[in-house]
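These notes concern the structure reproduced below.
The values are calculated or read from the model by the stated rules, or taken from the named source; none is laboratory data. Worth saying up front: this structure is predicted, and the values here are computed from it rather than measured. So basically every Cβ, Gly included, is an ideal-geometry build from the backbone, and we count neighbours across all protein chains shown.
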Amino acid sequence: MTTVDTVSLERRQRPRYALIAGLAAILLFAGMILQTIGPQAKVGELTVQLLVTDRRRGLEIVGAVVNGLGILGLAAILAFLFASVRARRPNTSPAIRITALVGGLLSAAGGVGYGVVITQKAHQFVTHGLQTYPQADALLRSGPVSILQYVGLVGALLLAIAFVLVALGAMRVGLLTKFIGYVGIAGAAASLLLVGSPIGLFIEVIWLLSVAYLLSGRWPNGDPPAWRTGEAVPWPSAAEVREQRQAASARRAPSPAKRPQPKPQPVAAGTSARPAAPKRKRKRRR
């Protein structure tokens with residue numbers, strides 16, 4: 001595919017993926033809000049948490065589904081950006097795209113499945129048995145709960161790795177600004193180190209909204225050049241920016257030959273051009 005074909009295809013696809021990025025940001029933010037509203041456990045005791053989970057069954061399931069859809073949207077955006085990066089740098093490994101898609105599917109499926117199963121276990125805990133700690137511990141140690149937890153963690157890990165690689169690659173070829181690239185790397189690191197934390201989700205929301213705004217063609221300084229040329233246009237380094245500024249200031253400054261020379265002052269007749277030396281005061285004799 002030629003660069004002209006690449007630019008034409010991306011121009012047709014960008015509005016669609018801008019919409020996907022915006023919806024994914026809204027869904028992730030809505031999922032985060034759903035986790036904070038409704039009944040909340042005041043203590044970390046396992047039995048209390050199951051009792052509260054049973055009271056908020058609807059919120060748990062809806063929140064898991066909404067969050068899962070947001071994660072799938074994030075994976076789709078990473079896959080689109082990866083395709084654009086690979087069009088400009090063909091030696092990029094295709095395993096990154098596979099990692100993003102598999103990570104998104106596993107993370108979404110694990111999150112939704114865990115939300116459904118944990119509500120079932122909580123309802124079973126409330127309606128059957130004596131509601132003791134051993135009963136609660138046995139319910140949460142069952143096979144489906146543990147398997148879905150591991151599936152979600154593996155998916156989150158794969159998605160975070162792909163997130164870092166795609167954001168870094170897109171920034172290096174000039175598809176994303178340095179601000180968006182660094183925000184994406186920070187969001188991936190936060191989601192990896194603080195799994196499920198509001199901080200990581202909030203950074204991901206900011207990144208998705210920024211990408212949606214850029215893909216819509218409304219970025220304040222216009223599209224980065226790499227989107228227009230279909231080729232890699234890396235951003236200049238700090239040293240290159242400094243050299244460009246120095247060269248620009250040197251071009252604006254006048255050359256020594258063009259600088260205005262001071263006009264010679266007229267010298268009166270009969271006087272010397274040399275400045276008069278200051279007179280010394282004579283010491284008085286006592």
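Take Thr92 and tell me if it is more than 24 Å from the chain's Cα centre (by Cα) and either surrounded by fewer than 23 Cβ atoms within 10 Å (Cβ to Cβ) or at pLDDT below 85 (or both).
Working: more than 24 Å from the chain's Cα centre (by Cα): no; either surrounded by fewer than 23 Cβ atoms within 10 Å (Cβ to Cβ) or at pLDDT below 85 (or both): yes.
In short, no.
At pLDDT 90 or above, in a helix (DSSP H, G or I) and either in contact with an Asp or Glu (Cβ under 7 Å, 6 or more places away or on another chain) or exposed (fewer than 14 other Cβ atoms within 10 Å of the Cβ) (or both) - does that describe any residue in segment 205-217?
Applying the first criterion (at pLDDT 90 or above) to segment 205-217 yields 205-216.
Narrowing the set further to residues that are in a helix (DSSP H, G or I) leaves 205-215.
Keeping just the survivors that are either in contact with an Asp or Glu (Cβ under 7 Å, 6 or more places away or on another chain) or exposed (fewer than 14 other Cβ atoms within 10 Å of the Cβ) (or both) gives none.
Within segment 205-217 (the criterion being at pLDDT 90 or above, in a helix (DSSP H, G or I) and either in contact with an Asp or Glu (Cβ under 7 Å, 6 or more places away or on another chain) or exposed (fewer than 14 other Cβ atoms within 10 Å of the Cβ) (or both)), the answer is no, since none of the residues qualifies.
Among the residues of segment 52-59, is there at least one that is over 27 Å from Ala138 (Cα atoms) and either of a type in the set (A, V, I, L, M) or within 18 Å of the chain's Cα centre (by Cα) (or both)? Reasoning before the result, please.
Here is the first cut: in segment 52-59, the residues over 27 Å from Ala138 (Cα atoms) are none.
Within segment 52-59, none of the residues are over 27 Å from Ala138 (Cα atoms) and either of a type in the set (A, V, I, L, M) or within 18 Å of the chain's Cα centre (by Cα) (or both).
Among what's in segment 182-199 and is surrounded by 23 or more Cβ atoms within 10 Å (Cβ to Cβ) and more than 16 Å from Ala76 (Cα to Cα), pick the residue that is modelled with the lowest pLDDT. Before you say what the answer is, go through the steps one by one.
Going through segment 182-199, the residues surrounded by 23 or more Cβ atoms within 10 Å (Cβ to Cβ) turn out to be 184, 187-188, 191.
Filter once more, so that each one left must be more than 16 Å from Ala76 (Cα to Cα): 187, 191.
On the way: Gly187: 87, Ser191: 79.
Among those residues, the one meeting the criterion is Ser191.
List the pairs whose first member sits in segment 213-226 and is in contact (Cβ under 8 Å) with a residue 40 or more places away in the chain and among the polar types (S, T, N, Q), whose second member is outside any loop (DSSP other than H, G, I, E, B) and surrounded by 16 or more Cβ atoms within 10 Å (Cβ to Cβ), and whose Cβ atoms are under 6 Å apart, counting only residues at least 6 apart or on separate chains?
Pairs that qualify, where the first residue is in contact (Cβ under 8 Å) with a residue 40 or more places away in the chain and among the polar types (S, T, N, Q) and the partner is outside any loop (DSSP other than H, G, I, E, B) and surrounded by 16 or more Cβ atoms within 10 Å (Cβ to Cβ), are Ser216/Ala18.
At pLDDT 95 or above, under 32 Å from the mean Cα position of the chain (by Cα) and not basic (Lys, Arg), is that true of Val117?
On the way: at pLDDT 95 or above: no; under 32 Å from the mean Cα position of the chain (by Cα): yes; not basic (Lys, Arg): yes.
So Val117 does not fit the description; no.
I'd like to check something: does segment 100-119 contain any residue that is over 25 Å from Ala162 (Cα atoms) and either among the basic types (Lys, Arg) or in contact with a Gly (Cβ under 9 Å, 6 or more places away or on another chain) (or both)?
Of the residues in segment 100-119, the ones over 25 Å from Ala162 (Cα atoms) are 116-119.
Applying the additional criterion that residues be either among the basic types (Lys, Arg) or in contact with a Gly (Cβ under 9 Å, 6 or more places away or on another chain) (or both) yields 119.
Checking segment 100-119: at least one residue is over 25 Å from Ala162 (Cα atoms) and either among the basic types (Lys, Arg) or in contact with a Gly (Cβ under 9 Å, 6 or more places away or on another chain) (or both).
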